[in-house]
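Bear in mind that the values in this text are calculations on the coordinates, not laboratory data. This is a predicted model, so every value here is computed, not measured. Cβ placement follows ideal geometry from the backbone for every residue including glycine, while neighbour counts extend to all protein chains displayed.
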Number of protein chains: 2
Amino acid sequence: MGNSGLEWKRESSRKVFDCPVFCVNECICRSPDGQRRTYTVMDAADWAIVVPVLEISGKKEFILVRQWRHGSQELSLEFPGGVFEPGEDAPAAAARELQEETAWQAGKIRKLGEFRPNPALMSNTVHIFLAEDLHFTGAQDLDEDEYIETLQVKPRELIEGMGRPPYVHALMGSALTLYLREYPQLV
Amino acid sequence: MGNSGLEWKRESSRKVFDCPVFCVNECICRSPDGQRRTYTVMDAADWAIVVPVLEISGKKEFILVRQWRHGSQELSLEFPGGVFEPGEDAPAAAARELQEETAWQAGKIRKLGEFRPNPALMSNTVHIFLAEDLHFTGAQDLDEDEYIETLQVKPRELIEGMGRPPYVHALMGSALTLYLREYPQLV
């Protein structure tokens, strides 16, 4: 958008907290008109969310995962997804997470867009993929601390459920927006 | 969803970092089959996102805000919104943030749903509101470090732009999903 008179400059950054999932930095920033302010921002890995769509007798169904979320302390019903491994690109991460979490392998995988999960606080990006032409491989490949159930849900149920438990994962809502743009007849 | 065999129990929580916007806790948790693991989670305030819709000659337009985001270090074009003030309820926060950031006051404000912005890492909730019957009050009421431009955008432009700069705020995508559920003819 060019220099709009709204842009800040980051003058320095200092790590003040670190853990395996993210680190926290205090950043000194200069406003468009010269104020100096300190902001706290988090660096975390990029990750992928996958919208896996089955075609059953000509009708679409989503494959979802149900799992415990330690931040919100509740069960959540979501699209599969997860953090990139070191050196992995976005489509590879999406395909791997889909297969590990759901035991479904994608014949076709295609990027729908990307978002900043929380641009005020976090530097990372979530990459949204559509997975189609799905083949069941028989078994999940879960981490030792992952407990994940998979289930198939009709588009109407998901759309009507969004924004209330168990459909409360905000970034699933973002992914659904990109999917429905391509399939508006489902809304 | 009842006791599904997927639920963890949090046994203890210890604050390990604090700043004005959030704190970080290390939580010791017990898995469904008795593993003990440590997870890092953040507590932050709830906030509101407002979808402000003007009717101009029978056509809808969104009021958006353009602002610098310190996490992603870029300009972002978003629905207005912000963090609850102490003691404030969700509709009051939504109405106040709309008026402060855009100078538009809502005659009608109605909740569309709520999400966990990042349920793996964060405990908080974002509340999504629709604002209609809008009246221009003449002036924004910005914090000293807020630099915000407002603009009006047609639904088609926003829907087509989602998932690419400047429409990269994930939680705006979540809000748009809830709005489009009510107005599917716009998709």
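Brief remarks on what is shown
- Residues considered: A:LEU121, A:LEU54, A:LEU158. Largest GNM mean-square fluctuation over chain A, using C-alpha springs under 10 Å, is found at A:LEU121.
- B:SER4-B:ASP89 pseudo-label distance in nm [points 7 Å out on the Cα-to-Cβ vector]: 3.1
- In order through the stretch A:53-61: 3J(HN,Hα) via Karplus (6.51 cos²θ - 1.76 cosθ + 1.60), integer Hz, x for Gly, Pro: 10, 8, 10, 10, 6, x, 10, 8, 9
- Between B:ARG14 and A:ALA139, the simple label model (points 7 Å from Cα in the Cβ direction) yields a spacing of 3.8 nm.
- Long-range HN-HN contacts of B:GLU149 with modeled amide H, under 5 Å: B:ARG66
- Mean-square fluctuations from a GNM of chain B, with a 10 angstrom spring cutoff on Cα atoms, peak among B:THR125, B:THR40, B:THR177 at B:THR40.
- Exceeding the 32 Å Cα-Cα cut-off - candidates A:LYS154/B:LYS15; A:LYS9/B:LYS60; A:LYS108/A:LYS154: A:LYS154/B:LYS15; A:LYS9/B:LYS60
- C-alpha long axis of helix A:170-182 to longest principal axis of chain A, angle in °: 60
- Two-site label geometry, A:GLU74 and A:GLU132: point separation in nm, points 7 Å out along Cα→Cβ: 3.3
- Acute angle (nearest 10 degrees) that the helix B:90-102 long axis makes with the longest principal axis of chain B, alpha-carbon atoms: 50
- In order along the stretch A:137-148, the Karplus-derived 3J(HN,Hα) couplings, from 6.51 cos²θ - 1.76 cosθ + 1.60 at θ = phi - 60°, round to 9, x, 8, 5, 9, 8, 5, 4, 9, 9, 10, 10 Hz, and Gly and Pro are given as x.
- Shape of the stretch B:45-186, Cα gyration tensor, a/c cut at 1.5: rounded
- Between copies, the label points of B:GLN35, set 7 Å from Cα on the Cα→Cβ line, lie 4.6 nm apart, reported in increasing order to one decimal in nanometres.
- For the stretch A:151-165, backbone phi angles converted through the Karplus equation (6.51, -1.76, 1.60; θ = phi - 60°) give residue-by-residue couplings of 8, 10, 10, 6, x, 4, 5, 5, 4, 5, x, 4, x, 9, x Hz, Gly and Pro being listed as x.
- Sorted from nearest, the other copies put their A:GLU132 label points 3.5 nm away, the label point being 7 Å from Cα in the direction of Cβ.
- Shortest-first nm distances, A:GLU144 label point to equivalent points in other copies (7 Å, Cα→Cβ): 5.1
- Most fluctuating residue given options A:PHE22, A:PHE79, A:PHE62, as computed from a GNM of chain A linking Cα atoms under 10 Å: A:PHE22
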